[in-house]
Amino acid sequence: MAEAVIQSKSNVDFQRIREQFPVLSQQIKGQTLVYLDNAASSQMPSRVADRIDAYQRNEHANVHRGIHTLSQKATDAYELTRKKVQRFINAGHKEEIIYTTGTTDSINLVANSFGDRFIGEGDKILISEVEHHANIVPWQMVAERKGAKINVIPVDDHGDIIWDKYVELLTDNTAIVAVGHVSNALGTVHPVKKMISEAHKRDIPVMVDGAQAVPHTPVDVQDLDADFYAFSAHKMCGPTGFGILYGKKKYLNEMPPYRGGGDMIDKVSFEETTYNITPYKFEAGTPPIAAGIGFGETISFLEEIGMPNIAEQERELLEYGTQKLNAVEGIRIIGTAKEKASVLSFVHEDIHATDIGTILDQQGIAIRTGHHCAQPTMRRFNVPATARASLSFYNNKEDIDRLIKGIKKAISIFQ
Ligand code: PMP
């Protein structure tokens, strides 16, 4: 609630907040867990788990269907999340908030439904060179179906998009720009507001993959003027199986349903079916109710800490981690963009990322190694894989010190 928002980071007790994540105090391989795989999935505070537990134990019923009290209560709790999400990302209307199962689902919805209606033969779909597979493959699939073509905005050696190339690639037959707000493999924060404004000069809509942005920084979809914005609950201390697609009404109202079934219809006969209004026409079948209600609690939790405070805390941790990592001999950070968020992707000149990850795991330190579902990004930077430590506001400098010590141990073992 607004009045509970802590106004300045100096008033936030991040140690106390960390204590609300029971998973972090467990022992792994005989040592307290250091969890640095937040870009893959972040941890859940007790109050969110408790909210889901309370719903499952005492409030469970299907939504939008029953006239009985329990179903109405479940519907109210589930729909309350829509209002909270609307406020959280400052959407103009609650009808512009579509529930999905996650970012991947949200992007598939846009690719299929927007694609059906607005992408035609010879059109161009513009994505960047450093997208997650979830923001590449659905577009390739629709391009193949429609006879459209994928164009790729290149990035420079730091991981920043090359602006002039981007502007050059915006042409009259560009049907949509689909770009990540923050790269999961590099941490680059793309200048999406500027990119959207440039695309809009030519009336080209922009979909932003915000999976790695919403958990780390305040996002205002109206200020960005994004046409679509996608994100996942599980990367922002919420449950798996739940996500959001924000879309401007002017597009959603024109777009056909993506999946058919219960809840998304108005009237059904064998001759003709008419559809429910937005957003329900995109929400076929029984949804993940428990996850949706849990996500509402997650948003309250994040709002009470304050997204600007979270961003500031993570910026400090990222700076600290970058400095420490750069000081380790043989380590090279991949992704050195001007503006970065919460990701430290790195390689060692002689040791494979997987070996580093394995040695770290033996010390109770969880990082991710591999291509991070971004194989074209790895190719761009000429590496088969990276080791990636990704930060959350509940991490601290001791976590980073343990990471650095762990990496040094891996180096001493392999050399
Ligand atoms: N986009 C980006 C930038 C991501 O980091 C991820 C998850 N790693 C996704 C999309 C896909 O998210 P999900 O698996 O939750 O659908």
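The values are calculated or read from the model by the stated rules, or taken from the named source; none is laboratory data. What you see is a predicted model; the values in this text were computed from it and never measured. All Cβ positions, even for glycine, are placed from backbone atoms using ideal geometry, and neighbour counts span all protein chains on display. Surface areas here come from the heavy atoms of the whole protein model, side chains and all, with no ligands, DNA or RNA. Shrake-Rupley method; radii C 1.70, N 1.55, O 1.52, S 1.80 Å.
A few remarks follow.
- Taking the listed residues Val155, Val219, the one that is touching a residue at least 60 places away in the same chain (Cβ under 8 Å), open to solvent by less than 30 Å² (accessible area, probe 1.4 Å) and farther than 21 Å from Tyr99 by Cα is Val155, with no other qualifying.
- Test for Pro191: is it open to solvent by 10 Å² or more (accessible area, probe 1.4 Å), under 17 Å from Ala311 (Cα atoms) and in the same structural domain as Phe114 (by TED's automatic domain parsing): yes
- Residue within the range 234-245 that is away from the ligand (no atom under 13 Å from the Cβ), open to solvent by 30 Å² or more (accessible area, probe 1.4 Å) and touching a helix residue (DSSP H, G or I) at 6+ places or on another chain (Cβ under 8 Å) present: no
- Residue match in the range 267-275 (condition: among the hydroxyl-bearing types (Ser, Thr, Tyr), outside any strand (DSSP E or B) and open to solvent by 30 Å² or more (accessible area, probe 1.4 Å)): yes
Conditions tested, residue by residue: (1) under 14 Å from the mean Cα position of the chain (by Cα); (2) in contact (Cβ under 8 Å) with a residue 40 or more places away in the chain; (3) within 16 Å of the ligand (Cβ to nearest atom).
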| residue | (1), (2), (3) |
| --- | --- |
| Pro215 | yes, yes, yes |
| Ala226 | no, no, yes |
| Tyr229 | yes, yes, yes |
| Pro257 | no, yes, no |
| Gly260 | no, no, no |
| Gly294 | no, yes, yes |
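- If the condition is being of a type in the set (Ser, Thr, Tyr) and near the ligand (Cβ under 8 Å from one of its atoms), then the range 97-137 contributes Thr101, Thr103, Thr104, Ser106.
- The residue that is least open to solvent (accessible area, probe 1.4 Å), counting only those in the range 47-71 that are in contact with a Phe, Trp or Tyr (Cβ under 8 Å, 6 or more places away or on another chain) and assigned to a helix (DSSP H, G or I), is Val48.
- Taking the criterion of being in contact with a Gly (Cβ under 8 Å, 6 or more places away or on another chain) and open to solvent by 40 Å² or more (accessible area, probe 1.4 Å), the residues of the range 72-103 that qualify are Gln72, Leu80, Thr101.
- Summed over the range 89-127, residues that are of a type in the set (A, V, I, L, M, F, W, C) and assigned to a helix (DSSP H, G or I) total 6.
- Where Phe393 falls short, out of the listed (1) touching a residue at least 24 places away in the same chain (Cβ under 8 Å); (2) open to solvent by 10 Å² or more (accessible area, probe 1.4 Å); (3) assigned to a loop (DSSP other than H, G, I, E, B): (2)
- Of the criteria (1) of a type in the set (Ser, Thr, Tyr); (2) touching a Phe, Trp or Tyr at 6+ places or on another chain (Cβ under 9 Å); (3) under 14 Å from Pro287 (Cα atoms), which one Thr75 fails: (2)
- Within the span defined as the range 368-387, every residue fails to be more than 28 Å from Ala213 (Cβ to Cβ) and open to solvent by less than 30 Å² (accessible area, probe 1.4 Å).
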